[in-house]
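Novice: Here it is, the structure in full.
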Amino acid sequence: MADESLLSEDLLRQLMSVGEADLLVAIPTYNNAGTIAQAIQSIEDSYQQNFVRDRVAILNVDGGSSDQTQQIIASLNGKKDSIRRGITSLRTVHRITTQYGRSPSQGSALKVVFSAADLLRVKACAVVSPATTSLDPAWAANLLRPAYRQDFAFVAPLYSRSKFQGLLARNLLYPMSRAVFGVRIREMYADEWGFSGRLASECGSQPMDEAVRARPEAWMAVNAICNGMKCSQSYLGPRTTVPSGGPDIVETIRQTVGNLFYCCDAFQDHWLDRNGTESVQTFGSDHELTPEDAPPRPDKSFELFRNGFQTLQDAVLKSILAKDTLAQLKQIAAMDIDKFDFPSELWVRVLYDFAAAYHRTAISRDHILQALVPLYRGQLFSFLADHAQSTPEEMEADTEALCLEFERQKPYLIERWKAKS
């Protein structure tokens, strides 16, 4: 059921004027004046090229932009026809806009989207980021079609990436989520995704914990998996974005790994007795990795790892890690930089120890996530040193081997999870 308390009177009036819709694309904005017009145009073009007979709507949910974003949207909404002439549709493309707060929150924005989707009785939804400058009409269509035409509840994107992009996903988020939840969704953490009206209703009826509000898309995917709904992936192509500072590594770990650990805890009844993994339907290319001349130079990563480990080992890590894991970390932290190696077997045990400590709340959960940061820096340094000259094929083989290692050690996670300390 829609939570109408999340909807302003003005938004309710706009939704009532639409009536019902088949498809909804949401654009959460916050200071996106430079790109919002292009994003809206791309979605309109997608509707008018691919869904000419369907009832469609665009929903902008703004987090309190202080630039000209809202004024630009208002000026576009004042036009009765498509922003660009020459494209015709059998139905009107409804444009709806609302402000949900005075600071950006992906979770708060998504709660509004859930309620709007429920009131409009939409069959499929997609969320796209206005910061994505490579957004084209095919993207919205590729995210909507599987949910609309083929009964998939969650549609993850697949992007074309260079070898050294998305390393947190490659070395942690993808292999661990795949092993724990048993489904091979490569980009569970993304700024574009699709979902069914049914999943929107299911997620909209649940409270959204603070731990998942920054990256609610992964929480949606896990909800779909654990409720027996079908998931899929759609290839979108290369993704470019407006340059921005973005969150630092500490905040990124909080948002993504914190989300993953929370989902492991919240949905433990689903995965504790499950083994193996299964693939999902993939539309288009199954991930594309392109060469890159040289890796980033993590000159400070090794020292940040070693210094962070030395600072935390007695005060914090002793409460998180098993004795054998901590002892092996001490050994590699004592290595010279040119001989340093962070074995994948150890990396998996570290993460499983951290997830179990998060579950037990061995110490403050925020402190647990912060303590992971220097260890991730060490793993990243080792990974980049190992793969400075690797081909895309070798990188992919390494990722698959890491995924299998996470799966092989899942009994260790269960053992640590059930242990009292």
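Novice: Could you tell me which of the residues Val348, Val373 is touching an Asp or Glu at 6+ places or on another chain (Cβ under 6 Å) and either assigned to a helix (DSSP H, G or I) or within 22 Å of Arg184 (Cα to Cα) (or both)? I'd like the intermediate steps shown before the answer.
Specialist: Values: Val373 fails: touching an Asp or Glu at 6+ places or on another chain (Cβ under 6 Å).
Going through Val348, Val373 in turn, just one is touching an Asp or Glu at 6+ places or on another chain (Cβ under 6 Å) and either assigned to a helix (DSSP H, G or I) or within 22 Å of Arg184 (Cα to Cα) (or both): Val348.
Novice: Related question: Looking for something in contact with a Gly (Cβ under 9 Å, 6 or more places away or on another chain) and of a type in the set (A, V, I, L, M) - is there at least one such residue anywhere in the range 335-356?
Specialist: no
Novice: Let me ask you something else. On the basis of being over 14 Å from Trp193 (Cα atoms), modelled with pLDDT under 95 and crowded, with 19+ Cβ neighbours inside 10 Å, does Val61 make the cut? Even if it seems obvious, please write down each step before you answer.
Specialist: On the way: over 14 Å from Trp193 (Cα atoms): yes; modelled with pLDDT under 95: no; crowded, with 19+ Cβ neighbours inside 10 Å: yes.
No: the conditions fail for Val61.
Novice: Pairs needed: first member in the range 187-203, not assigned by TED's automatic domain parsing to the domain that holds Ala140 and of a type in the set (Gly, Ala, Ser); second member anywhere, part of a helix (DSSP H, G or I) and surrounded by 24 or more Cβ atoms within 10 Å (Cβ to Cβ); C-beta distance under 6 Å; at least 6 residues apart or different chains.
Specialist: From residues that are not assigned by TED's automatic domain parsing to the domain that holds Ala140 and of a type in the set (Gly, Ala, Ser), there are no pairs.
Novice: With (1) under 16 Å from Tyr412 (Cβ atoms); (2) in contact (Cβ under 8 Å) with a residue 60 or more places away in the chain; (3) not assigned by TED's automatic domain parsing to the domain that holds Val222 as the list, and Gln370 as the residue in question, which single condition is left unmet?
Specialist: Against the list (1) under 16 Å from Tyr412 (Cβ atoms); (2) in contact (Cβ under 8 Å) with a residue 60 or more places away in the chain; (3) not assigned by TED's automatic domain parsing to the domain that holds Val222, Gln370 comes up short only on (1).
Novice: Working carefully through the options Ser285, Ser279, Ser234, find the one that is small (Gly, Ala, Ser) and surrounded by 21 or more Cβ atoms within 10 Å (Cβ to Cβ). Step through it out loud before you land on a result.
Specialist: Working: Ser285 fails: surrounded by 21 or more Cβ atoms within 10 Å (Cβ to Cβ); Ser279 fails: surrounded by 21 or more Cβ atoms within 10 Å (Cβ to Cβ).
Checking each option against the conditions leaves just Ser234.
Novice: Could you pull out the residue among Pro296, Pro238, Pro216, Pro247 that is closer than 23 Å to Thr132 by Cβ and outside the structural domain of Ala124 (by TED's automatic domain parsing)?
Specialist: Working: Pro238 fails: outside the structural domain of Ala124 (by TED's automatic domain parsing); Pro216 fails: outside the structural domain of Ala124 (by TED's automatic domain parsing); Pro247 fails: outside the structural domain of Ala124 (by TED's automatic domain parsing).
The match here is Pro296.
Novice: Identify, by number, the condition in (1) surrounded by 17 or more Cβ atoms within 10 Å (Cβ to Cβ); (2) more than 23 Å from Glu415 (Cα to Cα); (3) modelled with pLDDT of 95 or more that Ala334 doesn't meet.
Specialist: Only one criterion in (1) surrounded by 17 or more Cβ atoms within 10 Å (Cβ to Cβ); (2) more than 23 Å from Glu415 (Cα to Cα); (3) modelled with pLDDT of 95 or more is unmet by Ala334, namely (1).
Novice: For Ala116, state whether it is closer than 19 Å to Glu44 by Cβ and in the same structural domain as Ser285 (by TED's automatic domain parsing). Please lay out each step first, then the result.
Specialist: On the way: closer than 19 Å to Glu44 by Cβ: yes; in the same structural domain as Ser285 (by TED's automatic domain parsing): yes.
Answer is yes for this residue.
Novice: Looking at the range 206-225, which of its residues are under 16 Å from Ile253 (Cα atoms) and among the charged types (D, E, K, R)?
Specialist: So the first thing to find is which residues in the range 206-225 are under 16 Å from Ile253 (Cα atoms), and the list is 210-219.
Across the range 206-225, the qualifying residues are Glu210, Arg213, Arg215, Glu217.
Novice: Kindly provide the set of residues from the range 357-396 that are over 26 Å from Asp248 (Cα atoms) and at pLDDT below 95, ordered by number.
Specialist: Passing the criteria: Gln389, Ser390, Thr391, Pro392, Glu393, Glu394, Glu396.
For every residue, the table says whether it meets (1) within 21 Å of Leu413 (Cβ to Cβ); (2) of a type outside the set (Phe, Trp, Tyr); (3) modelled with pLDDT of 95 or more.
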{"residue": "Asn227", "(1), (2), (3)": "no, yes, yes"}
{"residue": "Pro238", "(1), (2), (3)": "no, yes, no"}
{"residue": "Pro243", "(1), (2), (3)": "no, yes, no"}
{"residue": "Thr252", "(1), (2), (3)": "no, yes, yes"}
{"residue": "Gln255", "(1), (2), (3)": "no, yes, yes"}
{"residue": "Ala266", "(1), (2), (3)": "yes, yes, yes"}
{"residue": "Asp269", "(1), (2), (3)": "yes, yes, yes"}
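Novice: Looking at Ser103 and the list (1) closer than 18 Å to Glu192 by Cβ; (2) modelled with pLDDT under 95; (3) surrounded by fewer than 20 Cβ atoms within 10 Å (Cβ to Cβ), which single condition is not satisfied?
Specialist: Exception for Ser103: condition (1).
Novice: Moving on. Conditions first: (1) surrounded by 18 or more Cβ atoms within 10 Å (Cβ to Cβ); (2) within 16 Å of Thr399 (Cα to Cα); (3) out of contact with any strand residue (DSSP E or B) (no Cβ under 7 Å at 6 or more places or on another chain). Leu158 passes all but one, so which condition is the exception?
Specialist: (3)
Novice: Looking only at residues that are within 18 Å of the chain's Cα centre (by Cα), assigned to a helix (DSSP H, G or I) and polar (S, T, N, Q) in the range 103-143, which one is nearest to Gln49 (Cα to Cα)?
Specialist: Here the answer is Asn142.
Novice: Sort out which residues of the range 360-402 are among the hydroxyl-bearing types (Ser, Thr, Tyr) and either buried (at least 22 other Cβ atoms within 10 Å of the Cβ) or within 29 Å of Asp336 (Cβ to Cβ) (or both), and write them in order of number. Walk me through it before giving the result.
Specialist: Taking the range 360-402 first, the residues among the hydroxyl-bearing types (Ser, Thr, Tyr) are 361, 364, 376, 382, 390-391, 399.
Within the range 360-402, Tyr376, Ser382, Ser390, Thr391, Thr399 meet the criteria.
Novice: Consider only pairs whose beta carbons are under 8 Å apart and that are at least six residues apart or on different chains; among these, list those whose first residue lies in the range 311-339 and is closer than 16 Å to Arg349 by Cβ and in contact (Cβ under 8 Å) with a residue 40 or more places away in the chain and whose second residue is buried (at least 18 other Cβ atoms within 10 Å of the Cβ) and among the charged types (D, E, K, R).
Specialist: Ile320/Asp353; Ala322/Arg349; Ala322/Asp353; Ala322/Arg416; Ala333/Arg306
So that you can scan it fast, the table gives a plain yes or no per residue for (1) at pLDDT 90 or above; (2) of a type in the set (Lys, Arg); (3) farther than 14 Å from Asn32 by Cβ:
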| position | (1), (2), (3) |
| --- | --- |
| Ser65 | yes, no, no |
| Arg85 | no, yes, yes |
| Leu110 | yes, no, yes |
| Phe114 | yes, no, yes |
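Novice: Next up: Please work out if Leu110 is aliphatic (A, V, I, L, M), assigned by TED's automatic domain parsing to the domain that holds Asp62 and within 16 Å of Pro28 (Cα to Cα).
Specialist: Details: aliphatic (A, V, I, L, M): yes; assigned by TED's automatic domain parsing to the domain that holds Asp62: yes; within 16 Å of Pro28 (Cα to Cα): yes.
Criteria met by Leu110.
Novice: Return the total of residues in the range 387-421 being in contact with a Lys or Arg (Cβ under 6 Å, 6 or more places away or on another chain) and closer than 13 Å to Val180 by Cα.
Specialist: So the count comes out to 1.
Novice: Sticking with this one: Please go through the range 144-174 and pick out each residue that is at positive phi and either among the charged types (D, E, K, R) or assigned to a helix (DSSP H, G or I) (or both). Talk me through it step by step, then tell me what you get.
Specialist: Of all residues in the range 144-174, those at positive phi come to 151, 166.
Scanning the range 144-174 gives a single hit, Asp151.
The values are calculated or read from the model by the stated rules, or taken from the named source; none is laboratory data. Nothing here was measured: the structure is a model prediction, and the numbers come from that model. When we count neighbours, we look across all protein chains shown, and the Cβ atoms used for this are built from the backbone with ideal geometry, even at glycine.
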